[in-house]
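Everything below concerns the one structure shown next.
The values are calculated or read from the model by the stated rules, or taken from the named source; none is laboratory data. None of these values were measured; they are calculated from a predicted model. For neighbour counting, all protein chains shown are included, and Cβ atoms are generated from backbone atoms with ideal geometry for every residue, glycine included. Ligands, DNA and RNA are excluded from the accessible area calculation, which covers all protein heavy atoms including side chains. Shrake-Rupley method; radii C 1.70, N 1.55, O 1.52, S 1.80 Å.
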Amino acid sequence: MYLRRNMFLTRMIMFVINFIFILFMSIIIYNTTELICDYDISREFIEKIKYIPTIPWKVPVYSILLLMLLFMSVIVRERISKDKQMVFYIFSLLDIIICVGIMYCLNMSYKGILLIAIANIIIYIGGMKKRGFFIAAVIIIYVLLDYDILSIKKNMFSINDYVQYYTSMQRLYIFGIRNILNSTNEIIFILFMILVIQNHIEENNKIKELYSKLYKTAEELKIVNIQLQDYARKSEDMAKTKERNRLAREIHDTLGHSLTGISTGLEACIELFDIDKEKMKSQLIKISELARKGLLDVRRSVSELRPDALERFSLIPALLKLSEDINECTKTRVNLKVKGKVLKLGADEEETVYRVVQEGITNAVRHGNAACIDVLLEFIDFELHIKIDDDGIGCCDIKEGFGLKHIKERVDMLGGEASFRNNDGKGFSIYVLIPIRRRDVK
C-alpha cells in the first residue's frame, strides 16, 4: 500500500514538472514574439525561418488543456475496477494520442511527456505481453517523433529560432532551465521505475512467504489427518463398545424383568397346584401374557431400544402398567406414588426413569424376595427424585452387579446421581436424582 501511494505521488510530480516545462516554453515563445514586435524585426524573423510557427497564445492553451485531459484520465482510472482491462486499453491509446498532441503543440521539441504514458501503461495494463506491446509502441513513437528526424523531410519550427534573439547569457539560462526540467522529469520517472521494481520484489517475497506457510500447513494437515484417522478408529471402537453396553442394558432390563415375573409367577402356580387349579389356570394365563409381552419387548429392544410401554403411553401410565403386571403375576405388591407437578421429560429422560424403576422392581422380586415395593416419584423444582424401597431380605454387602451398574450409567449420562442402601436386613433402597432439562410443565 505504501509503495503504491508513492508510485501515484511520483506520477503527480511528473505532471507538475511537465506543466512547468510547458509553461516555461510558452513564456519563451510569447516573450520572444513580443521582442520581435518591439524591435520591429518581424520581416527579418519571417525570412530566416522555414515554417510559420503556431500563434503564441495557442501553445500554452492547447498544451495545458491536453495535459489536464491526461491528468483527468488518470483520476478516472483510479476509480475503475482492475478487472475492466478493455477500458484500460482504450485509456492507454488515448494517453498516447494526447502526448503526441502536446508534442505537436511544442513543435516536437519536447518528448518527456511520453514518460507519463509509459508510467500509466505499467500501472494499469495487466499481463506482460499486452503491457510490452503498449510500451513498445510508445518507445517507437519516442524515437521517431524527434525534431531532428522529422525536420529532414518536413519543414518545422525549432525553439532555437526563438532563443537566438536573446543574449548569450540569457540563452545559457534558458537552455539550462530547460535541461534541468527535462532531467528532473527523467529522474522522477527512474524513481517511479525503482518503486515499481521494489513493489514487484515485495509481492514476490509475499508469494514466497505464503507458499512457505501453505507448504508448512499442508505438512501439518497431513499429520492432523493421520491423527484424525487414528481418532476415528478409536472413536469407532468406543462407539461399538458403548453400543454393546447399551444393548446389554436393554436386554438385561427387558428380558430380566420378564423372566423374573415369569419365574415368580410359576412358583406361585406350583403352590396353587394342589389347592386351587382354577386360580392356577388364571395365573398361568397371566404368565403367558407376560411372556408374550417380554418377547415383544426383547424384539423391540433389539430394533428400537425404547420400551414398548413408553411407545404406547406416557411415562406415568407406562409405570402404572408395569406395576399392574407385577401385581397380577406375582405375590409382590408394587405401590407407585407421584408427588409434585409432573414435568414433561425428554425421550432419554423418560426411558432412564422407566428402566430405573423396572430394574428396582426386578431386583426386589428376584434377589430380595420382597412382598411389598414402594416407588415414589417426586418432582421438586426442575429435578425428579426417585425412591424405591422394598421389604425384602436386603444384603449385608452391596455389590453392584449388572443391573445396579446400568442404573448408575444411565443416570450419569443425564448428569444425575444414583445411590443404594441396605436397611440392615429389612429391605433395600434405591435413590436417584435426575435434573430435568425441559422447562415446560405438563
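Determine, yes or no, whether LYS442 is modelled with pLDDT under 85, touching a Leu at 6+ places or on another chain (Cβ under 7 Å), closer than 17 Å to LYS339 by Cα and open to solvent by 60 Å² or more (accessible area, probe 1.4 Å).
yes
Across the stretch 104-129, the number of residues qualifying as among the aromatic types (Phe, Trp, Tyr) and in a loop (DSSP other than H, G, I, E, B) comes to 1. Scanning the stretch 158-172 for residues that are open to solvent by 60 Å² or more (accessible area, probe 1.4 Å), within 16 Å of TYR147 (Cβ to Cβ) and assigned to a helix (DSSP H, G or I) turns up just one, ASN160.
Taking LEU310, is it in a helix (DSSP H, G or I) and modelled with pLDDT under 70? Spelling it out, LEU310 is indeed in a helix (DSSP H, G or I) and modelled with pLDDT under 70. For the stretch 374-417, residues that are touching a residue at least 60 places away in the same chain (Cβ under 8 Å), of a type in the set (A, V, I, L, M, F, W, C) and farther than 17 Å from GLY346 by Cα total 1.
List every residue pair whose Cβ atoms sit under 9 Å apart, with the two residues 6 or more apart in sequence or on different chains, where the first one lies in the stretch 326-340 and is without any contact (Cβ under 8 Å) to a residue 12 or more places away in the chain and the second, anywhere, is in a strand (DSSP E or B). Listed by first residue and then by second, the contacts come to ASN327/ARG333; ASN327/VAL334. For ASP40, the conditions (1) loosely packed, with under 11 Cβ neighbours inside 10 Å; (2) modelled with pLDDT of 85 or more are fulfilled apart from (2).
I'm trying to understand the selection: among the residues of the stretch 180-197, which are polar (S, T, N, Q) and either in contact (Cβ under 8 Å) with a residue 40 or more places away in the chain or within 19 Å of ILE123 (Cβ to Cβ) (or both)? Answer for the stretch 180-197, where residues must be polar (S, T, N, Q) and either in contact (Cβ under 8 Å) with a residue 40 or more places away in the chain or within 19 Å of ILE123 (Cβ to Cβ) (or both): ASN182, THR184, ASN185. Restricting the stretch 86-121 to residues that are surrounded by fewer than 15 Cβ atoms within 10 Å (Cβ to Cβ) and within 45 Å of the chain's Cα centre (by Cα) leaves a set whose member that is nearest to PHE192 (Cα to Cα) is LEU93.
Would you say ILE270 is open to solvent by 80 Å² or more (accessible area, probe 1.4 Å) and either modelled with pLDDT under 75 or outside any helix (DSSP H, G or I) (or both)?
Yes: the conditions hold for ILE270.
Of all residues in the stretch 69-85, those satisfying the criterion of being open to solvent by 20 Å² or more (accessible area, probe 1.4 Å) and either in a helix (DSSP H, G or I) or within 16 Å of ILE17 (Cα to Cα) (or both) are LEU69, PHE71, MET72, ILE75, VAL76, GLN85. Of all residues in the stretch 365-394 being charged (D, E, K, R) and assigned to a loop (DSSP other than H, G, I, E, B), which is farthest from the chain's Cα centre (by Cα)? Checking each candidate, the answer is ASP391. Residues of the stretch 173-198 that are surrounded by fewer than 17 Cβ atoms within 10 Å (Cβ to Cβ) and either at pLDDT below 85 or within 18 Å of LEU35 (Cα to Cα) (or both): TYR173 alone.
Table: residues versus (1) under 30 Å from GLN283 (Cβ atoms); (2) part of a strand (DSSP E or B); (3) open to solvent by 50 Å² or more (accessible area, probe 1.4 Å).
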{"site": "ILE316", "(1), (2), (3)": "yes, no, no"}
{"site": "LYS321", "(1), (2), (3)": "yes, no, yes"}
{"site": "VAL334", "(1), (2), (3)": "yes, yes, no"}
{"site": "ARG355", "(1), (2), (3)": "yes, no, no"}
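For the stretch 74-105, a tally of residues being of a type in the set (Lys, Arg) and in contact (Cβ under 8 Å) with a residue 40 or more places away in the chain returns 2.
Taking the criterion of being on the phi > 0 side of the Ramachandran plot, in contact with a helix residue (DSSP H, G or I) (Cβ under 7 Å, 6 or more places away or on another chain) and surrounded by 21 or more Cβ atoms within 10 Å (Cβ to Cβ), would at least one residue in the stretch 128-145 satisfy it? No.
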